[in-house]
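Only one structure is covered here, and it is reproduced in the block below.
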Amino acid sequence: YRQEAHNLTTLGANLQEFPKIVVPTPIGDFTTSRVLTMEYISGKKITDLSPLAQLDFKGTELAEELFHAYLKQILVDGFFHADPHPGNVFLTDDRRIALLDLGMVGYITPELQENLLQLLLAVSDGRGDDVAGIAIKIGGIKANFLENVFRQHIARLVSENQGSKMDQIPMGRVVLEITQVAGDNGLQVPAELTMLGKTLLTLDMVGK
(Lines give C-alpha, C1' and ligand atoms only; values in the text may rest on other atoms or scores of the structure.)
Protein backbone atom coordinates (compact mmCIF):
# COMPACT_ATOMS: atom_id res chain seq x y z
CA TYR A 1 0.00 0.00 0.00
CA ARG A 2 2.89 2.36 0.64
CA GLN A 3 4.16 1.59 -2.86
CA GLU A 4 0.71 2.22 -4.34
CA ALA A 5 0.55 5.55 -2.47
CA HIS A 6 3.91 6.44 -4.01
CA ASN A 7 2.57 5.44 -7.45
CA LEU A 8 -0.45 7.72 -6.99
CA THR A 9 1.77 10.65 -6.07
CA THR A 10 4.10 10.04 -9.02
CA LEU A 11 1.32 9.69 -11.59
CA GLY A 12 -0.50 12.73 -10.25
CA ALA A 13 2.65 14.84 -10.60
CA ASN A 14 3.37 13.49 -14.09
CA LEU A 15 -0.13 14.32 -15.36
CA GLN A 16 -0.45 17.84 -13.93
CA GLU A 17 -0.49 19.33 -17.44
CA PHE A 18 -3.75 17.51 -18.23
CA PRO A 19 -6.55 19.51 -16.56
CA LYS A 20 -9.23 16.94 -17.45
CA ILE A 21 -7.37 14.07 -15.78
CA VAL A 22 -7.37 13.63 -12.00
CA VAL A 23 -5.48 11.14 -9.82
CA PRO A 24 -6.50 10.83 -6.15
CA THR A 25 -3.92 12.10 -3.68
CA PRO A 26 -2.87 9.66 -0.94
CA ILE A 27 -3.18 10.86 2.66
CA GLY A 28 0.25 10.07 4.10
CA ASP A 29 -0.66 10.44 7.79
CA PHE A 30 -3.35 7.75 7.41
CA THR A 31 -1.52 5.34 5.11
CA THR A 32 0.44 2.32 6.36
CA SER A 33 1.63 -0.97 4.89
CA ARG A 34 -1.86 -2.35 5.61
CA VAL A 35 -4.14 0.63 4.93
CA LEU A 36 -4.21 3.01 1.98
CA THR A 37 -6.13 6.24 2.53
CA MET A 38 -6.65 8.66 -0.32
CA GLU A 39 -8.65 11.63 -1.49
CA TYR A 40 -12.30 10.78 -2.15
CA ILE A 41 -13.30 10.92 -5.81
CA SER A 42 -16.99 11.50 -6.48
CA GLY A 43 -18.09 10.06 -9.78
CA LYS A 44 -19.24 7.00 -11.71
CA LYS A 45 -17.63 4.21 -13.66
CA ILE A 46 -17.61 4.91 -17.39
CA THR A 47 -19.73 1.79 -17.97
CA ASP A 48 -22.38 2.90 -15.46
CA LEU A 49 -23.36 5.98 -17.47
CA SER A 50 -26.78 5.91 -19.13
CA PRO A 51 -27.12 6.94 -22.81
CA LEU A 52 -28.79 10.15 -21.63
CA ALA A 53 -25.91 10.94 -19.27
CA GLN A 54 -23.43 10.38 -22.09
CA LEU A 55 -25.04 13.24 -24.01
CA ASP A 56 -24.27 15.59 -21.14
CA PHE A 57 -20.48 15.78 -21.60
CA LYS A 58 -17.90 16.01 -24.39
CA GLY A 59 -16.81 12.40 -24.61
CA THR A 60 -14.54 12.85 -27.62
CA GLU A 61 -12.50 15.55 -25.89
CA LEU A 62 -12.14 13.44 -22.75
CA ALA A 63 -11.09 10.38 -24.76
CA GLU A 64 -8.45 12.43 -26.59
CA GLU A 65 -7.14 13.84 -23.30
CA LEU A 66 -6.94 10.34 -21.86
CA PHE A 67 -5.12 9.06 -24.97
CA HIS A 68 -2.57 11.89 -24.88
CA ALA A 69 -2.08 11.39 -21.14
CA TYR A 70 -1.19 7.76 -21.82
CA LEU A 71 1.17 8.70 -24.65
CA LYS A 72 3.04 10.92 -22.18
CA GLN A 73 3.14 8.19 -19.54
CA ILE A 74 4.52 5.66 -22.02
CA LEU A 75 6.76 7.69 -24.33
CA VAL A 76 7.96 10.46 -21.98
CA ASP A 77 7.72 9.33 -18.35
CA GLY A 78 8.34 5.60 -18.78
CA PHE A 79 5.84 4.94 -15.97
CA PHE A 80 2.21 4.12 -16.70
CA HIS A 81 -1.07 3.09 -15.09
CA ALA A 82 -1.29 -0.51 -16.33
CA ASP A 83 -4.87 -1.41 -15.38
CA PRO A 84 -7.27 1.12 -16.98
CA HIS A 85 -10.31 -1.18 -17.03
CA PRO A 86 -13.72 0.55 -16.71
CA GLY A 87 -13.83 0.01 -12.95
CA ASN A 88 -10.66 2.08 -12.57
CA VAL A 89 -11.70 4.93 -14.88
CA PHE A 90 -14.32 7.27 -13.42
CA LEU A 91 -16.19 10.23 -14.83
CA THR A 92 -16.14 12.72 -11.97
CA ASP A 93 -19.03 14.96 -11.05
CA ASP A 94 -17.17 17.92 -12.57
CA ARG A 95 -16.75 16.01 -15.87
CA ARG A 96 -13.13 14.96 -15.63
CA ILE A 97 -11.53 11.53 -15.95
CA ALA A 98 -10.22 9.98 -12.73
CA LEU A 99 -7.61 7.20 -12.87
CA LEU A 100 -7.91 4.93 -9.84
CA ASP A 101 -6.08 1.90 -8.45
CA LEU A 102 -2.33 2.23 -9.01
CA GLY A 103 -1.58 -1.26 -7.71
CA MET A 104 -0.51 -2.34 -11.19
CA VAL A 105 1.92 -0.08 -13.04
CA GLY A 106 4.38 -0.57 -15.89
CA TYR A 107 7.89 0.72 -16.46
CA ILE A 108 9.56 1.34 -19.81
CA THR A 109 13.28 1.99 -20.27
CA PRO A 110 14.42 5.01 -22.33
CA GLU A 111 15.72 2.65 -25.03
CA LEU A 112 12.37 0.87 -25.32
CA GLN A 113 10.57 4.25 -25.31
CA GLU A 114 12.60 5.37 -28.31
CA ASN A 115 11.96 2.11 -30.14
CA LEU A 116 8.24 2.27 -29.38
CA LEU A 117 8.00 5.79 -30.75
CA GLN A 118 9.78 4.73 -33.94
CA LEU A 119 7.56 1.65 -34.16
CA LEU A 120 4.31 3.65 -33.90
CA LEU A 121 5.48 6.24 -36.41
CA ALA A 122 6.47 3.48 -38.85
CA VAL A 123 3.03 1.85 -38.45
CA SER A 124 1.35 5.21 -39.10
CA ASP A 125 3.50 5.79 -42.20
CA GLY A 126 2.85 2.29 -43.53
CA ARG A 127 6.54 1.29 -43.42
CA GLY A 128 6.10 -2.41 -42.76
CA ASP A 129 9.73 -3.38 -43.23
CA ASP A 130 10.83 -0.72 -40.74
CA VAL A 131 8.24 -1.98 -38.24
CA ALA A 132 9.63 -5.50 -38.60
CA GLY A 133 13.20 -4.24 -38.22
CA ILE A 134 12.37 -2.30 -35.04
CA ALA A 135 10.52 -5.30 -33.59
CA ILE A 136 13.57 -7.48 -34.29
CA LYS A 137 15.76 -4.85 -32.59
CA ILE A 138 13.49 -4.87 -29.53
CA GLY A 139 13.21 -8.66 -29.32
CA GLY A 140 15.53 -11.56 -28.74
CA ILE A 141 16.13 -13.83 -31.73
CA LYS A 142 15.71 -17.55 -31.07
CA ALA A 143 17.40 -20.33 -33.05
CA ASN A 144 14.15 -21.06 -34.91
CA PHE A 145 13.46 -17.44 -35.93
CA LEU A 146 11.65 -17.30 -39.29
CA GLU A 147 12.60 -13.79 -40.36
CA ASN A 148 11.05 -13.81 -43.84
CA VAL A 149 7.72 -15.14 -42.58
CA PHE A 150 7.77 -12.63 -39.73
CA ARG A 151 8.39 -9.71 -42.10
CA GLN A 152 5.56 -10.85 -44.39
CA HIS A 153 3.08 -11.03 -41.51
CA ILE A 154 4.12 -7.60 -40.21
CA ALA A 155 3.79 -6.06 -43.70
CA ARG A 156 0.17 -7.28 -43.89
CA LEU A 157 -0.58 -5.98 -40.42
CA VAL A 158 0.90 -2.55 -41.15
CA SER A 159 -0.95 -2.21 -44.47
CA GLU A 160 -4.26 -2.33 -42.56
CA ASN A 161 -3.34 0.87 -40.68
CA GLN A 162 -1.44 2.74 -43.40
CA GLY A 163 -2.32 6.42 -43.59
CA SER A 164 -3.92 6.53 -40.15
CA LYS A 165 -2.96 9.23 -37.69
CA MET A 166 -1.40 8.01 -34.47
CA ASP A 167 -4.56 8.70 -32.45
CA GLN A 168 -6.60 6.68 -34.98
CA ILE A 169 -4.48 3.53 -34.77
CA PRO A 170 -5.82 0.81 -32.42
CA MET A 171 -2.45 0.70 -30.72
CA GLY A 172 -3.29 -1.99 -28.21
CA ARG A 173 -4.39 -4.42 -30.90
CA VAL A 174 -1.42 -3.57 -33.12
CA VAL A 175 1.16 -4.04 -30.34
CA LEU A 176 -0.40 -7.32 -29.22
CA GLU A 177 -0.55 -8.62 -32.79
CA ILE A 178 3.12 -7.76 -33.28
CA THR A 179 4.01 -9.66 -30.10
CA GLN A 180 1.85 -12.61 -31.22
CA VAL A 181 3.43 -12.76 -34.69
CA ALA A 182 6.87 -12.44 -33.08
CA GLY A 183 6.23 -15.34 -30.70
CA ASP A 184 4.83 -17.53 -33.48
CA ASN A 185 7.98 -17.04 -35.55
CA GLY A 186 10.76 -17.39 -33.01
CA LEU A 187 11.23 -13.81 -31.84
CA GLN A 188 11.02 -13.17 -28.10
CA VAL A 189 9.76 -9.71 -27.17
CA PRO A 190 10.10 -8.13 -23.70
CA ALA A 191 7.33 -8.82 -21.19
CA GLU A 192 6.89 -5.04 -20.85
CA LEU A 193 5.71 -4.89 -24.46
CA THR A 194 2.99 -7.49 -23.86
CA MET A 195 1.83 -5.65 -20.72
CA LEU A 196 1.78 -2.40 -22.68
CA GLY A 197 -0.27 -4.00 -25.47
CA LYS A 198 -2.86 -5.28 -22.98
CA THR A 199 -3.02 -1.88 -21.28
CA LEU A 200 -3.56 -0.06 -24.58
CA LEU A 201 -6.18 -2.59 -25.71
CA THR A 202 -8.16 -1.93 -22.53
CA LEU A 203 -7.66 1.80 -23.01
CA ASP A 204 -9.03 1.57 -26.57
CA MET A 205 -12.23 0.00 -25.22
CA VAL A 206 -12.57 2.62 -22.47
CA GLY A 207 -12.05 5.39 -25.04
CA LYS A 208 -14.81 4.02 -27.26
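Observations on the model:
- Put a plus charge on the Cβ of each Lys and Arg, a minus charge on the Cβ of each Asp and Glu, and nothing anywhere else: the dipole of segment 54-125 about its Cα centre is then about 60 debye.
- Pairs of Cα atoms nearer than 8 Å and 6+ residues apart set the relative contact order; for the chain it is 20 percent.
- Among the listed pairs LYS58/LYS208; LYS20/LYS45; LYS72/LYS142; LYS20/LYS208; LYS20/LYS72; LYS45/LYS198, those with a Cα-Cα distance over 22 Å are LYS72/LYS142.
- Positive-end residue, the chain charge dipole about Cα centroid, Cβ charges, pick of SER42, MET195, LEU102: MET195
- Hull volume in cubic angstrom per residue (convex hull over the Cα atoms of segment 65-180): 118 Å³
- Evaluating 6.51 cos²θ - 1.76 cosθ + 1.60 at θ = phi - 60° for every residue in segment 183-190, the Karplus couplings come out as x, 5, 10, x, 10, 9, 9, x Hz, glycine and proline recorded as x.
- Estimated distance in nm for a label pair at LEU75 and ASP56, the labels positioned 7 Å out from Cα along Cα-to-Cβ: 3.5 nm
- Per residue accessible area of the chain, 1.4 Å probe, in Å²: 53 Å²
- Where Rh is the Kirkwood radius over Cα pairs, Rg/Rh for the chain: 1.02
- C-alpha long axis of helix 191-207 to longest principal axis of the chain, angle in °: 60 degrees
- Value of relative contact order over segment 88-208, rounded to a whole percent, pairs C-alpha under 8 Å and six or more apart: 26 percent
- Cα shape, segment 1-120, gyration tensor, a/c 1.5 rule: oblate
- Against the chain, whose longest principal axis is taken from its Cα atoms, helix 147-159 shows a tilt of about 50°.
- The C-alpha atoms of the chain define a longest principal axis, and helix 2-14 lies at about 80 degrees to it.
- Rounded to the nearest 20, the size of the Cβ-charge dipole of segment 1-74 about its Cα centre is 200 debye, with Lys and Arg at +1 and Asp and Glu at -1.
- In segment 113-196, the portion of solvent-accessible area held by carbon and sulfur atoms comes to 48 percent [1.4 Å probe, whole percent, DNA, RNA and ligands not counted].
- Summing Cβ point charges (Lys, Arg +1; Asp, Glu -1) relative to the Cα centre of segment 15-156 gives a dipole of roughly 380 debye.
The values are calculated or read from the model by the stated rules, or taken from the named source; none is laboratory data. Here the structure is a predicted model, which means the values were calculated and not measured. Backbone-built Cβ (ideal geometry, glycine too); neighbour counts: all protein chains shown. Side chains included, ligands, DNA and RNA excluded: accessible areas come from the protein's heavy atoms. Shrake-Rupley method; radii C 1.70, N 1.55, O 1.52, S 1.80 Å.
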